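What follows is a single structure, written as structure tokens, with notes after it.
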Amino acid sequence: MDVVGEFQKGEIDGKPCLIYQNVIKPQIHSPNSSDEKHLIQNPLPIQNMTKVAIDSGDNLPPPPLFICPSLRFKLTITIEAKLLDDGGPTPDVDGKLRISHLLGDNMMYGHDILPLFWCNNKEADPKNDCSICNTRKVGTCYYFCVECDQRYHKECVESPLEINYPSHVKHSLQLYNVKTFEHCILSTKKAEVLLYYCALCDIYMHVLCAQAKIPFLIDQPKKHDHTLTLFPRQASLTCNVCGLVDKLHLTYVCRSICDFVAHIDCIHNPQTIRISRHFHGVSFTSSLPSGKWCCGICRREIDSDYGAYSCNVCKDYAVHTRCALRKDIWDGIELEGVPEDKDVELPFYRIADGIILHFSHGCHMKFETNGVYKENEFCQACVLPINEENFYVCVKCDFILHEKCADAPRKKVHPLHPHPIEQKVVHENHEFECAACMRKSSGFGYVCTINGCDYELDAVCASASEPFNYQVHPHPLFLALDPKKRQYATFASQQEFKR
Ligand SMILES: [Zn+2]
Ligand SMILES: [Zn+2]
Ligand SMILES: [Zn+2]
Ligand SMILES: [Zn+2]
Ligand SMILES: [Zn+2]
Ligand SMILES: [Zn+2]
Ligand SMILES: [Zn+2]
Ligand SMILES: [Zn+2]
């Protein structure tokens with residue numbers, strides 16, 4: 001039985017929308033086939049079939065049962081290995097799943113079929129992630145596999161090998177087991193493992209996003225005064241929020257006379273956010289004051305007629321909507337109504353002229369100017385020698401800091417990480433590895449302030465900021481946006497230079 005995911009018109013809570021359904025693919029029979037009358041003319045929704053089967057006795061096929069998604073992965077590998085053994089053409093082992101989600105289709109393999117129990121809990125399970133897609137908590141409707149001792153989303157278990165998506169009518173999308181991070185075009189979030197993929201367009205969708213209902217009408221007064229209506233086909237219209245023409249995103253239009261167009265994810269953009277590339281918060285604006293604007297992230301021009309994020313403090317800082325919302329730039333937290341954090345904790349108190357008390361050291365430190373290179377004296381923060389530069393030295397012991405290292409802020413934002421980072425002086429085992437240059441350091445670090453995020457930079461990498469002026473290159477350098485090229489190429493070179 002071939003099953004395909006499709007959308008059909010329906011209503012949820014009295015609101016019209018497109019609803020996802022798994023349907024049986026119409027069989028293609030030859031015209032003189034004898035069983036022509038059994039041909040399924042219209043796709044039959046599986047959910048309805050299940051209901052009929054339960055309601056009216058034993059005459060209809062039994063309700064479908066599903067197999068564990070982990071087993072689908074394993075069986076796919078087995079099939080690929082067998083094709084190779086048989087000496088047939090090398091299968092393209094690209095992660096495309098070959099195993100249906102239905103139990104009936106997979107009995108022939110003689111593998112253990114893992115029992116899955118349908119859990120319909122009243123309260124969402126707050127702790128458990130789906131073990132196959134790693135994207136969201138399993139919520140209230142999930143399956144539990146006894147054999148694997150794992151929970152899985154309903155959508156992840158019941159995902160057919162193929163779906164048709166309304167904003168992507170030319171090709172169907174296939175189910176893949178993907179090992180790298182990709183971006184889901186429906187949520188712009190990172191996606192991995194179980195995904196729908198169109199190889200012709202090179203686009204990915206989370207299994208959950210691909211099966212979510214699509215409303216016909218959306219009211220979002222923060223973006224537009226009138227109700228927005230789903231544009232029923234792939235649209236080459238410029239989105240007022242992000243300024244891009246992106247046919248692959250679901251597009252909504254204003255049916256009043258006001259020429260407003262927005263992608264579904266753009267309609268729900270956050271209003272105020274913090275980004276890793278700028279010290280202040282930035283807020284969404286539907287247009288910028290006219291003039292020439294350069295995006296603070298990608299350095300390309302911003303069309304001031306379309307939406308962008310602009311700084312709440314600086315008059316001249318703005319970024320493209322989609323640049324601001326990148327996963328490696330924005331921490332995912334909306335800050336609307338949250339006042340800007342203005343308490344700046346100072347790194348030291350000035351006790352007297354030239355005498356400070358630094359937060360990292362209990363004794364007073366004295367300011368000194370240095371005319372010579374001191375080979376055996378190293379700054380406690382950056383672990384680099386005290387060169388011909390100013391420094392603070394402890395009046396009682398040999399604790400020493402460069403002037404610029406003593407001045408370094410306790411807390412900062414850094415272009416390499418979406419969350420704020422703060423100084424950490426004491427480390428377990430007296431050392432740590434810098435996440436940017438991968439070197440071990442025994443000096444001060446900057447650790448991420450978010451619980452559970454283990455990101456830490458050494459003092460040198462943390463001091464790098466944009467733009468970086470490298471003396472042997474005539475132009476200022478900016479951080480590359482491709483994460484693969486990024487960390488080593490730009491900031492590591494700075495450290496080499498300083499040593
Ligand atoms: Zn899942
Ligand atoms: Zn396509
Ligand atoms: Zn948009
Ligand atoms: Zn940009
Ligand atoms: Zn600013
Ligand atoms: Zn230093
Ligand atoms: Zn480093
Ligand atoms: Zn972090």
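The values are calculated or read from the model by the stated rules, or taken from the named source; none is laboratory data. Just so it is clear, the model here is predicted, and its values are computed rather than measured. For neighbour counting, all protein chains shown are included, and Cβ atoms are generated from backbone atoms with ideal geometry for every residue, glycine included. Heads up: the accessible areas ignore ligands, DNA and RNA and are worked out on the full protein's heavy atoms, side chains in. Shrake-Rupley method; radii C 1.70, N 1.55, O 1.52, S 1.80 Å.
Within the stretch 285-299, one or more residues are at positive phi, part of a loop (DSSP other than H, G, I, E, B), in contact (Cβ under 8 Å) with a residue 60 or more places away in the chain and open to solvent by 50 Å² or more (accessible area, probe 1.4 Å). Select from the stretch 1-34 the residues that are open to solvent by less than 60 Å² (accessible area, probe 1.4 Å), modelled with pLDDT under 90 and farther than 25 Å from L65 by Cβ and list them in ascending order. If the condition is that a residue be open to solvent by less than 60 Å² (accessible area, probe 1.4 Å), modelled with pLDDT under 90 and farther than 25 Å from L65 by Cβ, then S33 is the only one that fits. Kindly provide the set of residues from the stretch 345-359 that are buried (at least 16 other Cβ atoms within 10 Å of the Cβ), out of contact with any Leu (no Cβ under 8 Å at 6 or more places or on another chain) and either assigned to a strand (DSSP E or B) or hydroxyl-bearing (S, T, Y) (or both), ordered by number. Selection gives I356 alone. For the stretch 305-320, taking the residues that are in contact with a strand residue (DSSP E or B) (Cβ under 7 Å, 6 or more places away or on another chain) and more than 16 Å from ligand 3 (Cβ to nearest atom), the one that is farthest from P270 (Cα to Cα) is identified as Y317. Scanning the stretch 125-145 for residues that are in a strand (DSSP E or B) and among the charged types (D, E, K, R) turns up D125, K127, D129, K137.
Looking across the stretch 228-278, just one residue is of a type in the set (D, E) and within 16 Å of ligand 2 (Cβ to nearest atom), and that is D246. Return yes or no: is L217 more than 16 Å from ligand 3 (Cβ to nearest atom) and among the hydrophobic types (A, V, I, L, M, F, W, C)? Judged against the criteria, L217 is a match. The number of residues in the stretch 152-164 that are buried (at least 22 other Cβ atoms within 10 Å of the Cβ) and part of a strand (DSSP E or B) comes to 3.
Considering the stretch 264-282, and only residues there that are open to solvent by less than 20 Å² (accessible area, probe 1.4 Å) and more than 16 Å from ligand 4 (Cβ to nearest atom), the residue that is farthest from L479 (Cα to Cα) turns out to be I267.
Of the conditions (1) farther than 21 Å from A464 by Cβ; (2) within 16 Å of ligand 7 (Cβ to nearest atom); (3) among the basic types (K, R), K412 fails just one. Which one is it? In the conditions (1) farther than 21 Å from A464 by Cβ; (2) within 16 Å of ligand 7 (Cβ to nearest atom); (3) among the basic types (K, R), K412 misses (1) alone. When N370 is tested against the conditions (1) assigned to a strand (DSSP E or B); (2) within 13 Å of ligand 6 (Cβ to nearest atom); (3) free of Cβ contacts under 8 Å to residues at least 24 places away in the same chain, the lone failure is (1).
The set of residues from the stretch 123-139 being closer than 18 Å to A212 by Cα, among the polar types (S, T, N, Q) and either open to solvent by less than 50 Å² (accessible area, probe 1.4 Å) or not assigned by TED's automatic domain parsing to the domain that holds L97 (or both) comprises just one member, T135. Entry remark, the stretch 270-316: residues being within 16 Å of ligand 8 (Cβ to nearest atom) and of a type in the set (D, E, K, R) number 2 in total. In summary, helices (runs of 4 or more DSSP H) completely within the stretch 435-499 and bearing 1 or more residues that are modelled with pLDDT of 75 or more occur at 459-463.
If I filter the stretch 197-208 for residues that are within 16 Å of ligand 8 (Cβ to nearest atom) and more than 22 Å from D2 (Cα to Cα), do I get at least one hit? No, the conditions are met nowhere in the stretch 197-208.
Only residues that are at pLDDT below 85, charged (D, E, K, R) and over 21 Å from H224 (Cα atoms): list them for the stretch 300-344, please. Answer for the stretch 300-344, where residues must be at pLDDT below 85, charged (D, E, K, R) and over 21 Å from H224 (Cα atoms): K327, D328, D331, E340, D341, K342, D343. The condition of being among the hydrophobic types (A, V, I, L, M, F, W, C), over 30 Å from S287 (Cα atoms) and open to solvent by 70 Å² or more (accessible area, probe 1.4 Å) holds for only one of V372, V313, V383, V338, that being V372. Scanning the stretch 324-337 for residues that are under 19 Å from C448 (Cβ atoms), assigned to a loop (DSSP other than H, G, I, E, B) and not charged (D, E, K, R) turns up I329, G332, I333, L335. Mind checking which pairs have a first residue in the stretch 404-422 that is within 16 Å of ligand 5 (Cβ to nearest atom) and a second that is open to solvent by 20 Å² or more (accessible area, probe 1.4 Å) and among the aromatic types (F, W, Y), Cβ under 7 Å, 6 or more apart or different chains? So the pair list comes out as V413/F279.
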